[in-house]
């Protein structure tokens, strides 16, 4: 197992400096890479650690309310990490199995993005999770919107919610991330549907180092959202095009070309079957209804692979 100091803002900064910036500087010019990471720098600037929480999102909401009640602004980029969650929830109020050994974190951001870029948060966070896992040699892929899976077995999930601060009216983005890292035992109903990094690699993964690497990837992905927004505003309206962030999402995804079942809760209330054709510039999934129906673009909901 890779040895690492405990997770802290200083460890995240070290990973950004020693790993993430050199990596990104090989793909874009160093000045651009540094600018993107400046936008993402608040991620992990405050880190709270708890042995156990019921739900990270619920705790974050209470913490925001308490902070504002004291007349203070809540620090954007705050990360709340729990050793386990006793009442974890995923999308559509599904139970999220979150025992010791996994990485269960909530990231809180004060939202300053325009709506067109705000709706890309789930894709950006899913991409960061996928990249962090792939950094360990695991062939992880993204399923729209933000599930990270390996050969159809779920490895990580993302839940994004919004909240208005009760005193100042700030809009907060709450992002819950769950990654099966060293947890290897799953309930019977999940044993064939989920997998962990430990199982795939055959060894224990240093949890603090992985968490720091994930936060560095999040800093890049969220920084890229802000950078792309500023570039678009400076250029005016360049017309529809896939952004670098969405192009990277496509490169890490296996969704396009798949036959899928779509629904806002596709497992319990499927709506129709289609072929995933493309990703729209606004992050929507372009689908062709089966067998030879029209194209539709969905911006919310989920898909289940039929292939």
Checklist entry - Evaluated at 20 °C with a viscosity of 1.002 mPa s, what Stokes-Einstein diffusion coefficient in µm²/s does the chain have when Rh comes from the Kirkwood expression over alpha-carbon pairs? => result 108 µm²/s
Checklist entry - Which stretch or stretches of the range 132-151 have amide N atoms under 17 Å from the point lying 7 Å from residue 191's Cα along the Cα→Cβ direction? => result none
Item to check | Ranked by how many other beta carbons lie within 10 Å on average, peptides 203-214, 131-142 from highest | outcome: 203-214, 131-142
Checklist outcome for this item: With the convex hull built on the alpha-carbon atoms of the range 129-225, volume per residue in Å³ sits at 132 Å³
Checklist outcome for this item: Quick calc: nm separation of the 7 Å Cα→Cβ label points for residue 112 and residue 234 -> 1.6 nm
Item to check | Residues 73, 25 arranged by fewest to most Cβ contacts within 10 Å | outcome: 73, 25
Next on the checklist: For the range 32-80, place one equal point scatterer on every Cα, skip the solvent, and apply the Debye formula. What is log10 of I(q)/I(0) at q = 0.28, 0.32 Å⁻¹?
Outcome noted: -1.07, -1.18
Checklist entry - Just the Cα atoms of the range 1-89: what Rg and Dmax do they give in Å? => result 16.2, 45
Checklist entry - Once label points are set 7 Å from the Cα along Cα→Cβ at both residue 18 and residue 168, what is their separation, rounded to one decimal in nm? => result 3.4 nm
Checklist entry - Hey, fewest Cβ within 10 Å first, where do 304, 15 land in order? => result 304, 15
Item to check | Prolate/oblate/rounded label for the range 220-307 (Cα gyration tensor, a/c 1.5) | outcome: prolate
Checklist entry - Most exposed first by the Cβ proxy, i.e. fewest other Cβ within 10 Å, how do 143, 154 rank? => result 154, 143
Checklist entry - Rounded if a/c is under 1.5, else prolate if a/b is larger than b/c, else oblate: which is the range 1-160, with a ≥ b ≥ c the root eigenvalues of its Cα gyration tensor? => result rounded
Next on the checklist: Can you tell me which of 272, 39, 121 moves the most in a GNM of the chain? Springs connect C-alpha atoms under 10 Å apart.
Outcome noted: 272
Checklist outcome for this item: Quick calc: nm separation of the 7 Å Cα→Cβ label points for residue 268 and residue 297 -> 3.0 nm
Checklist entry - Taking only the alpha carbons of the range 255-305, what extent do you get along each of the three principal axes, in Å, biggest first? => result 28, 23, 16
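Values quoted throughout were computed directly from the atomic coordinates according to the rules given, and no laboratory measurement underlies them. Keep in mind the model is a prediction, meaning the values are calculated, not measured. Counting neighbours? That spans all protein chains shown, and the Cβs are built from the backbone with ideal geometry, glycine included.
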